[in-house]
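What follows is one structure encoded as structure tokens, with my remarks underneath.
The values are calculated or read from the model by the stated rules, or taken from the named source; none is laboratory data. Model, not experiment: these values are computed from the prediction. Heads up, the Cβs are rebuilt from the backbone with ideal geometry, glycines too, and the neighbour counts pull from every protein chain shown. Calculation scope for accessible area: heavy atoms of the full protein, side chains included, ligands and nucleic acids excluded. Shrake-Rupley method; radii C 1.70, N 1.55, O 1.52, S 1.80 Å.
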Amino acid sequence: MVGEFDEEDRLRIAGVGVAPSTGLRRGVVLNIEATLSSVTSAIESAELASGREIHSCVLGVSGANVESLNSKGAVGVEGKGREITADDIARAHESAKAVSIPVDREILHLIPQGYSVDAQRGIKDPLHMMGVRLEADVHIVTSSVTTTQNLAKCVSRAGYKLDRRILGSLASARTVLANEERDLGCLLLDIGGGTTDLVVFGEGDPWFTASVPAGGLQVTNDISIMLSLLMDGAEKLKREAGSCWEDSVDSDELILVPGVAGREATEIPRRKLCAIIQPRMEEILLMARERLEKSGLMKEIKSGIVLTGGASIMAGTRELAESVFGLP
């Protein structure tokens, strides 16, 4: 995606480029050359759509290789007259980073959740406040070193400078969540092709991030196997006639299934397609719910769930998610 700022300093999307990511699976590079080709093709399409020449980019990182944890750091205030400075805040963040992280992982984000100054808690910005002891609560997102390096290598070999990296679900959250939803407490569920990413927000900040190694491609694969279709035909059928909520499908409605290798197309009840899709989508949502329940944050989701990602567009996804999570 290519963005540019307008006269009122608002970012608007100027162009989008899309290409099949044949070298990636569940956010992990399996084939450098194929991924490099996908990156080049997508960026060239985005250049054509936006009329802009692209030299650098921000890389969205997602997939099952992403993990998170919450940490706390504490330091003594060293500012003149015990006034908290930016250096004190930076030292508190560094203190919070002193947690055991495996050597094959790196910190992608350190996101402040709140601060405490002496006995006063719930402070969002302690800069210039007076105190003796500063504590920082932070959310740390880590990713696989190998995975992010391989993604970065594909971008640089394609001839583009990598400005920075961002967790894909956090980028989505900035786009689709209202401030009220973040403050009250909500779950962002980003259902993509190979993975389903979830982020829990509370009091305006992310409290929990996780990923489930399943998404829309698993649904397409099921359709391909059950209806004896090539993956392209199964994907097209899913997009055009798919639903994951059987109650919303008319029992008399018929759909056309394309023939393979010269065979004639056949008609089947649309409910038959739904009976293939719904169990797999339900399984994906149940896996996400299990991760959420393990975090202990289910009761904090007061404003409900926000669905995004390509697979969430399918008819019936909202109703199925409400049924699985028991939340609006």
| request: Please verify whether the range 149-163 includes one or more residues that are β-branched (Val, Ile, Thr), in a strand (DSSP E or B) and touching a helix residue (DSSP H, G or I) at 6+ places or on another chain (Cβ under 8 Å). | output: no
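Results for (1) β-branched (Val, Ile, Thr); (2) touching a His at 6+ places or on another chain (Cβ under 6 Å); (3) within 24 Å of residue 144 (Cα to Cα); (4) at pLDDT 90 or above, shown as yes or no for each residue.
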site	(1), (2), (3), (4)
7	no, no, no, yes
27	no, no, yes, no
56	no, no, yes, yes
59	no, no, yes, yes
78	no, no, no, no
94	no, no, yes, yes
| note | Scanning the range 252-264 for residues that are surrounded by 10 or more Cβ atoms within 10 Å (Cβ to Cβ) and over 34 Å from the mean Cα position of the chain (by Cα), the one farthest from residue 228 (Cα to Cα) turns out to be 253
| task | Report whether or not residue 135 is buried (at least 19 other Cβ atoms within 10 Å of the Cβ) and either out of contact with any strand residue (DSSP E or B) (no Cβ under 6 Å at 6 or more places or on another chain) or under 24 Å from residue 76 (Cα atoms) (or both). | result | yes
| note | Among residues of the range 138-147 being in a strand (DSSP E or B) and within 11 Å of residue 65 (Cα to Cα), the residue most open to solvent (accessible area, probe 1.4 Å) is 144
| field | Inter-residue pairs, beta-carbon under 8 Å, first of a type in the set (D, E, K, R) and in the range 152-166, second open to solvent by 70 Å² or more (accessible area, probe 1.4 Å), 6+ apart | value | 161/55; 163/58; 164/58; 165/58
| Would a scan of the range 36-44 turn up a residue that is over 27 Å from residue 142 (Cα atoms) and in contact with an Asp or Glu (Cβ under 8 Å, 6 or more places away or on another chain)? | no
| note | Counting only residues in the range 179-224 that are without any contact (Cβ under 8 Å) to a residue 40 or more places away in the chain and in a strand (DSSP E or B), the one farthest from residue 123 (Cα to Cα) is identified as 199
| task | Could you pull out the residue among 10, 52, 82 that is without any contact (Cβ under 8 Å) to a residue 24 or more places away in the chain and either under 25 Å from residue 198 (Cβ atoms) or open to solvent by 40 Å² or more (accessible area, probe 1.4 Å) (or both)? | result | 10
| query | Does residue 315 count as under 22 Å from the mean Cα position of the chain (by Cα), surrounded by fewer than 19 Cβ atoms within 10 Å (Cβ to Cβ) and of a type in the set (Gly, Ala, Ser)? | reply | yes
| Which one of these is open to solvent by 60 Å² or more (accessible area, probe 1.4 Å), part of a loop (DSSP other than H, G, I, E, B) and under 20 Å from residue 165 (Cβ atoms): 21, 100? | 21
| request: Name the strands (runs of 3 or more DSSP E) wholly inside the range 226-328 in which the number of residues that are of a type in the set (A, V, I, L, M, F, W, C), under 23 Å from residue 211 (Cα atoms) and in contact (Cβ under 8 Å) with a residue 40 or more places away in the chain is 1 or more. | output: 305-308
| said: Against the definition (in contact with a strand residue (DSSP E or B) (Cβ under 6 Å, 6 or more places away or on another chain), modelled with pLDDT under 95, open to solvent by less than 10 Å² (accessible area, probe 1.4 Å) and of a type outside the set (S, T, N, Q)), how does residue 249 come out, yes or no? | reply: yes
